[in-house]
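The values are calculated or read from the model by the stated rules, or taken from the named source; none is laboratory data. These figures come from a predicted structure and were not determined experimentally. As a convention, Cβ positions derive from the backbone with ideal geometry for all residues, glycine included, and neighbour counts pool all protein chains shown. The area values use the complete protein model at the heavy-atom level, side chains included, leaving out ligands, DNA and RNA. Shrake-Rupley method; radii C 1.70, N 1.55, O 1.52, S 1.80 Å.
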Amino acid sequence: AYPNIRIRVVDEGANAVLQSVLNGEVELGITLLGTQESEITFDPLVEEPFVLACRGDHELAARKEVSWQELKPYRFITVGRLSGNRLILDLQLAQTDWRPRWFYEVQHLSTSLGLVEAGLGIAALPRMSLPAGPHPVLASRPLVNPVVTRTVGIVRRRGASLSPAGQRFYDMLMQRWG
């Protein structure tokens with residue numbers, strides 16, 4: 001819509017995004033965590049579930065949905081403890097009597113997908129991290145009992161004005177997702 005406006009995408013973890021906004025390095029961030037920082041506002045865009053990611057030829061791919069306990073016999077791929085996604089999973093699964101025991105621990109969701117695609121295990125990933133539409137190798141199924149979700153939103157400095165381009169980008173995000 002605005003071909004002469006350049007956008008710099010800084011691909012960082014949730015905590016680094018918050019810190020970049022706090023430090024004034026970026027005008028706004030899109031991240032998966034709200035914060036208790038009084039200088040930051042969090043505007044939710046979308047709530048999405050975690051889903052099972054597996055190969056299409058995996059036995060769980062034949063299921064309509066999969067419970068967390070049914071993951072037990074399989075090699076589970078997880079993201080590291082410093083990941084916001086891991087924090088969400090740990091918090092929301094803390095009340096269950098069983099949690100997946102990981103076999104591989106990676107730092108990025110994309111690495112999880114690569115390992116799943118290679119047939120090295122299964123993973124619980126946010127739905128938006130999977131390829132859109134049909135994929136020749138990967139399949140996803142809803143994870144239930146419990147349904148675990150994360151909220152993705154916009155963080156920005158409280159009381160700080162956005163540049164005209166930043167404001168328009170914010171408005172476009174809120175119109176599309178908010």
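Does residue 133 fit the bill of being small (Gly, Ala, Ser), within 15 Å of residue 56 (Cβ to Cβ) and either in contact with a Cys (Cβ under 9 Å, 6 or more places away or on another chain) or not in a strand (DSSP E or B) (or both)? Yes, satisfied. A search for C-beta distances below 6 Å between a residue of segment 130-155 that is under 22 Å from residue 84 (Cβ atoms) and any residue that is of a type in the set (Phe, Trp, Tyr) and at pLDDT 95 or above, counting only pairs 6+ apart in sequence or on different chains, returns 143/50; 148/50. Considering (1) of a type in the set (Ser, Thr, Tyr); (2) over 26 Å from residue 44 (Cα atoms); (3) assigned to a strand (DSSP E or B), the lone condition that residue 96 does not fulfil carries the number (3). Considering only residues in segment 121-178 that are of a type in the set (Lys, Arg) and over 17 Å from the mean Cα position of the chain (by Cα), the one that is surrounded by the most Cβ atoms within 10 Å (Cβ to Cβ) turns out to be 156. Close contacts from segment 162-177, counting a first residue that is in a helix (DSSP H, G or I) and a second that is aromatic (Phe, Trp, Tyr), with Cβ to Cβ under 8 Å and a gap of 6+ residues or different chains, come to 165/2; 168/2. Taking the criterion of being open to solvent by 20 Å² or more (accessible area, probe 1.4 Å), free of Cβ contacts under 8 Å to residues at least 40 places away in the same chain, farther than 19 Å from residue 146 by Cα and touching a strand residue (DSSP E or B) at 6+ places or on another chain (Cβ under 9 Å), the residues of segment 68-117 that qualify are 81, 103, 104, 105, 107, 108, 109, 111, 114, 115.
Scanning segment 90-109 for residues that are of a type in the set (A, V, I, L, M) and either under 16 Å from residue 70 (Cβ atoms) or in contact with an Asp or Glu (Cβ under 7 Å, 6 or more places away or on another chain) (or both) returns a single hit, 93. Restricted to segment 21-60, and to residues there that are among the small types (Gly, Ala, Ser) and either in contact with a His (Cβ under 8 Å, 6 or more places away or on another chain) or modelled with pLDDT of 90 or more (or both), the residue that is surrounded by the most Cβ atoms within 10 Å (Cβ to Cβ) is 53.
The set of residues in segment 61-103 being at pLDDT below 90 and of a type in the set (Phe, Trp, Tyr) consists of 98 alone.
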